[in-house]
Amino acid sequence: MIAKLLKLQPSTSLSTDAAKKAPLAIDGLSVSYHHKPVVWDLSFVAPEKGLVAVVGPNGAGKSTFIKAALGLIPKLSGEITVYGKPVDKQRKLIGYVPQRGSVDWDFPASALDVVTMGLYGEIGWLKPVRKGHKEQALSYLEKVGMADFADRQIGQLSGGQQQRVFLARALAQDASLYFMDEPFVGVDAATERAIINVLKKLKDQGKTVICVHHDLQSAPDYFDHALILNVRPVASGPMHEAFTSENLQRAYGGRLAPSELSGLMSLAGQ
Amino acid sequence: MLQELFDILTFQSGYNTNVVLLGAGLLGTAGGVVGVFSLLRKRALISDAISHATLPGITLGFLVALALTGTGKSLPFLMVGSTLSGILGVLLVQWIKDNTRLPEDSAIGTVLSSFFGLGVVLMSYIQTLKSGSQAGLESYLLGSTASMLQSEAEMIAISALAITMLAVLFMKEFGLVCFDPDYAASRGWAVSKIDLLMMALLLAVVVIGLKTVGLILIIALVIIPPVAARFWTDRLGVMVAISAFTGGMSCYLGAALSALTPDLPSGATIVLTATALFTLSLLFAPKRGVIATALRQFSFRLKITRRRALLSLNKGQPTLSFLASFLLKREGVLNSDHTLTEKGQKTVATMSRDQALWNQYLSDYPEEAFAQNRWSLAMITDILPRDLINELEMSIDSPKKEIG
């Protein structure tokens, strides 16, 4: 509330027609942890069919932004709409791939069990998982190259394989807007390829992906839009417009050496 | 004595004992089922806070019943009192966690000892009352099936059955929230309501179990069976079933033992029975048990020692450990003077080819090789399909030119 009162200019992003229908439209989002603001006055409109990389230094509020956008943590202020409606009314359209480290992998479940969780919404309250659901879940494991590991307890999988299980679980529901929290962290080359393939397919199907990404080197290759964040939004837009050395410098400050920056820019084709 | 135990166990000791045993068995089943979810939700210790927090409620319930009805030993009053103070305890733990920097275990410790202290003071006060001597409240501390009324046992049996059925009905939702609450919330599941139901079932098990197991030991009822069950399986549904069985057997056998020796508090005999079942699981469970793990470790060492020894023989100048030369001599690979037998030369050649293939697999398919948990532990021909091995053989014999 206070953030809203203090805001000098009224934000107009949600009043436009385009923003009303956008996969994700955020207006003036502020979030704090223990009396410390971690996301400050963030407005952002995600494009249709966009692969958006959310980049920024450690502690920039990237994961917090995603969790707040999903309504998982309370926000101080701000409005969030998904395809023009409040996020709580659009749950069926939203897929989520959390950070791999956020769960206990010693849980008594197989890879197939975890992917089946993606179908629970479809199955509904109190109804049992049927054979058809299991077969459906297996087909999604196949899509990420994990069908052979369906019956393995999830703790017996490598980090990359665990990530692919999470990805398959998100695919198992037919969402239109996907949130992914650092899916590329600590994965092997095969998993990286699998994730990139999935991203491409999602884009071809007209879906939108908002993905927290830690690696500046690969961001321009994998994504076509960027949201650069350091507590406050630094820049957002199509990759070639937003992902500039100036903006990165503003977000990362001294944490990015000049040589790193110029290296990145040559990669981005600038 | 044995005959008597047999009679009790086979429900031949009168209706009252039968109902008590049945109630205890169903109580244990409910504890086992509900316990799985509090264990997986990492809330096992909260049940200790709940159980200790019930004591002031039991004593206050007794005093209120005494004032209103003239006798304190009124089950409804005691149950309502213990439920209310149990809820208060949970809320306090939650409040301390949310509003201070104390971690959950400190909050639990503080709440359970404070409530327990208050309860003991109130109990001592009741002892000084004239009607206090026959109160029998101390049976709520360590459990006593001997003094249990038939109506109480019936109430326990019915409630336990209802708790078990509810928990099984909600197994899918409970499992989802235990594994990944954030994901569940992102999908629109009412995580806080599901959590509340799990907590309510836990509270219900504690309250109906007070008389049988006692508030000091009741935590065992929701912790030991699921922990024992985890040794046997990697599947949630199977874990719930085994935990239910373990809990049910512990309470049934423990209550029977207690019926045989009425001086022993039933809580103690039940917990010791559960401990025995836990120990069996810990030792003998086929995959995760201690003995199976040790055996696997030993066979792994033997395989690795043998393989390393054969590979070092292939390179000439081997330095063989005592274990290695013992193994190879027994196998007929080595002569007593440490030279290779005819069979040995073959074995060494086969093994070195096998290792070369495994190494090639690791460099050609690093991800798959890493995921293959028998890499270099078995012969590659037993593990990988023929066409893949052909490919690996070709890639050994004509290494690919590196690009650039």
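The values are calculated or read from the model by the stated rules, or taken from the named source; none is laboratory data. Everything numeric here is computed off the predicted structure, so don't read it as measured data. Here the Cβ positions follow ideal geometry from the backbone for every residue, glycine too, while neighbour counts run over all protein chains shown. The area values use the complete protein model at the heavy-atom level, side chains included, leaving out ligands, DNA and RNA. Shrake-Rupley method; radii C 1.70, N 1.55, O 1.52, S 1.80 Å.
Per residue of peptide B:233-244, the mean number of Cβ atoms on other chains within 10 Å of the residue Cβ is 3.
Per residue of peptide A:122-131, the mean number of Cβ atoms on other chains within 10 Å of the residue Cβ is 2.
Evaluated at q = 0.07 Å⁻¹, the base-10 log of the normalised Debye intensity for the protein assembly as shown, with identical point scatterers placed on the Cα atoms, takes the values -0.66.
Taking amide H as placed 1.01 Å from N in the peptide plane, the amide H of residue A:42 sits under 5 Å from that of A:28, A:29, A:30, each at least 5 places away or on another chain.
Take each residue of peptide B:69-78, count the partner chain Cβ atoms within 10 Å of its Cβ, and average: the result is 0.
Note on residue A:147/residue A:185: beta-carbon distance plugged into 1/(1 + (r/R0)^6) with R0 of 30 Å gives a FRET efficiency of 0.80.
Annotation for the stretch A:128-204 versus the stretch B:217-265: alpha-carbon center distance of 37 Å. The separation of the stretch B:334-375 from the stretch B:51-119, counted between C-alpha centres, amounts to 65 Å. Considering only A:93, B:302, B:155, the residue lying farthest towards the positive end of the dipole of the protein assembly as shown is A:93, judged by Cα position with unit charges set on Cβ.
Our compactness index for the stretch B:83-217, the C-alpha radius of gyration over the empirical 2.2 N^0.38 Å, is 1.28. Here the stretch B:291-397 has 57 percent of its accessible surface on carbon and sulfur atoms, given a 1.4 Å probe and all protein chains in place.
Based on the mean of other Cβ atoms within 10 Å per residue, sort peptides B:186-192, A:179-185 so the most packed one is first.
A:179-185, B:186-192
Straight-line reach from residue B:315: taking Cα to Cα under 16 Å and skipping same-chain neighbours fewer than 8 places apart, the lysines in range are B:346. The lysine pair count for the stretch A:72-223, using Cα distances under 16 Å and pairs eight or more places apart or on different chains, is 5.
Considering only B:27, B:55, B:327, the mean-square fluctuation computed in a Gaussian network model of chain B, springs between alpha carbons under 10 angstrom, is largest for B:327.
Counting only Cβ charges, +1 for Lys and Arg and -1 for Asp and Glu, the dipole size of chain A around its Cα centre is about 740 debye.
Straight-line cross-link partners of residue B:287 among the lysines, defined as a Cα under 24 Å from its Cα and at least 8 positions apart when in the same chain: B:42, B:303.
Computed packing ranks the peptides B:357-369, B:141-153 as B:141-153, B:357-369, most packed first, by mean other Cβ atoms within 10 Å.
As a ratio to 2.2 N^0.38 Å, the alpha-carbon radius of gyration computed for the stretch B:203-359 takes the value 1.74. Across the stretch B:291-397, Cα pairs under 8 Å and at least six residues apart give a relative contact order of 21 percent.
Backbone geometry of the stretch A:118-125 corresponds, through the Karplus equation with coefficients 6.51, -1.76 and 1.60 at θ = phi - 60°, to 3J(HN,Hα) couplings of x, 9, 4, x, 5, 5, x, 3 Hz, x marking Gly and Pro.
How big is D, in µm² s⁻¹, for the stretch B:190-238 by Stokes-Einstein at 20 °C and 1.002 mPa s if Rh is the Kirkwood radius over C-alpha pairs?
The estimated diffusion coefficient comes to 173 µm²/s.
Between the listed residues B:121, B:111, B:56, the Cα displaced farthest toward the positive end of the dipole of the protein assembly as shown, a dipole computed from Cβ unit charges relative to the Cα centre, is found at B:111. Taking amide H atoms as placed 1.01 Å from N in the peptide plane, the amide H of residue A:97 lies under 5 Å from those of A:179, A:180, A:181, each 5 or more residues away in sequence or on another chain. With N the number of residues in the stretch B:267-347, Rg(Cα) / (2.2 N^0.38 Å) evaluates to 1.77. Over chain B, Cα pairs under 8 Å with separation of 6+ residues give a relative contact order of 20 percent.
With 0.36 nm allotted per residue and the present C-alpha distance subtracted, the residue B:295-residue B:64 stretch has 77.2 nm of extension available. Using a cut-off of 18 Å between alpha-carbon atoms, which aspartates and glutamates can reach residue B:73, once sequence neighbours fewer than 8 places away in the same chain are excluded? Reachable aspartates and glutamates: B:138, B:152, B:154.
When shorter helices are ignored and each DSSP H run of at least 4 residues is given -39500 (n - 2.57), the per-residue value for chain B at 222 nm works out to -25000 deg cm²/dmol. Look at the dipole of the protein assembly as shown built from charges on Cβ: of B:357, A:129, A:213, the Cα furthest out on the positive end belongs to A:213.
The base-10 log of I(q)/I(0) for the stretch B:291-397, evaluated at q = 0.18 Å⁻¹, reads -0.94 [Debye formula, identical scatterers on Cα atoms, solvent excluded]. Considering chain B at the alpha-carbon level, its Rg and Dmax are found to be 30.1, 98 Å.
Taking only the C-alpha atoms of chain A, Rg followed by Dmax gives 18.9, 57 Å.
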